[in-house]
Amino acid sequence: FPSHDKFATESQSVDKDELASDPKSKDIGVKLVEQYHFQVAPFLQPKKVEHQVMASFKGFDYGITGTIDLLTEDQEIHDHKTASKKNSSPPDSHVRQGSFYALMAKSMDEEIKSVHFDYLIKKNNPEIHRVKIDFDPLYAVKIAQVVGAAIDTGTFIPNRDSHLCTRSEERRVGKE
């Protein structure tokens with residue numbers, strides 16, 4: 001399986017604190033990818049994969065950047081997440097993220113029909129849990145405008161959903 005070599009190579013460039021401590025994690029990851037390949041992938045026709053977007057908008061001083069995991073020929077966006085358990089609904093941060101994906105796709109002149117989060121559940125017998133979310137590109141625009149106004153005024157808005165802006169990160173940075 002060629003992904004084993006790629007995993008070994010790419011894991012060398014990752015901070016050791018960010019690597020999974022469970023030695024079985026690679027095997028579970030391979031099982032998840034296999035499960036996705038057989039259960040989901042045959043029904044999707046990719047249009048763009050891991051597509052990086054740098055969107056700018058008329059009358060707005062700041063752009064939005066991100067990577068869309070998968071845009072299909074059916075004008076669906078699919079984002080892939082791993083999780084340790086199946087949740088009944090996606091977290092609010094994923095709903096916001098889906099709205100930003102739809103906004104970024106709009107900047108590429110793509111009209112999105114739906115946004116899906118495909119959760120790969122990390123278990124010995126892996127599961128794929130697919131969730132279609134409600135998305136609202138106008139909501140994403142409003143968030144971007146608020147963040148842009150905060151930048152203009154020098155106001156810091158903590159984002160507790162980001163691993164880069166957790167309370168523990170604030171404590172760590174404060175020690176430097």
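Residues are listed down the side, and each one gets a yes or a no for (1) at pLDDT 85 or above; (2) out of contact with any Leu (no Cβ under 6 Å at 6 or more places or on another chain); (3) hydroxyl-bearing (Ser, Thr, Tyr):
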| site | (1), (2), (3) |
| --- | --- |
| GLU73 | yes, yes, no |
| SER114 | yes, yes, yes |
| ASN124 | no, yes, no |
| VAL131 | yes, yes, no |
Condition met for VAL33 (modelled with pLDDT under 75, among the aliphatic types (A, V, I, L, M) and either surrounded by 13 or more Cβ atoms within 10 Å (Cβ to Cβ) or out of contact with any Lys or Arg (no Cβ under 9 Å at 6 or more places or on another chain) (or both)): no
For region 119-142, what are the residues that are out of contact with any Asp or Glu (no Cβ under 7 Å at 6 or more places or on another chain), closer than 30 Å to SER25 by Cα and either of a type outside the set (A, V, I, L, M) or open to solvent by 50 Å² or more (accessible area, probe 1.4 Å) (or both)? TYR119, LYS122, LYS123, ASN124, ASN125, PRO126, GLU127, HIS129, LYS132
Applying the selection to region 60-101, what residues are of a type in the set (Ser, Thr, Tyr) and closer than 23 Å to PRO46 by Cα? THR65, THR67, THR72, THR82, SER99, TYR101
Residue check for PHE60: closer than 26 Å to LEU138 by Cβ and in contact with a helix residue (DSSP H, G or I) (Cβ under 6 Å, 6 or more places away or on another chain): no
Among the residues of region 74-104 satisfying the criterion of being closer than 14 Å to HIS116 by Cα and of a type in the set (Lys, Arg), which is least open to solvent (accessible area, probe 1.4 Å)? LYS81
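Considering only residues that are among the acidic types (Asp, Glu) and open to solvent by 90 Å² or more (accessible area, probe 1.4 Å), look in region 42-73 and name the one that is farthest from the chain's Cα centre (by Cα).
ASP61
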How about region 85-144: which of its residues are part of a strand (DSSP E or B), hydroxyl-bearing (Ser, Thr, Tyr) and under 15 Å from the mean Cα position of the chain (by Cα)? TYR119
Which one of the conditions (1) open to solvent by 90 Å² or more (accessible area, probe 1.4 Å); (2) in contact with a strand residue (DSSP E or B) (Cβ under 9 Å, 6 or more places away or on another chain); (3) farther than 19 Å from SER89 by Cα does GLN145 fail to meet, given that it meets all the rest? (2)
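The values are calculated or read from the model by the stated rules, or taken from the named source; none is laboratory data. Computed from a predicted structure; not experimentally measured. Positions of Cβ are generated from backbone atoms using ideal geometry, with glycine treated the same way; all protein chains shown enter the neighbour counts. When the accessible area is computed, the model is the full protein with side chains, heavy atoms only, and any ligands, DNA or RNA have been set aside. Shrake-Rupley method; radii C 1.70, N 1.55, O 1.52, S 1.80 Å.
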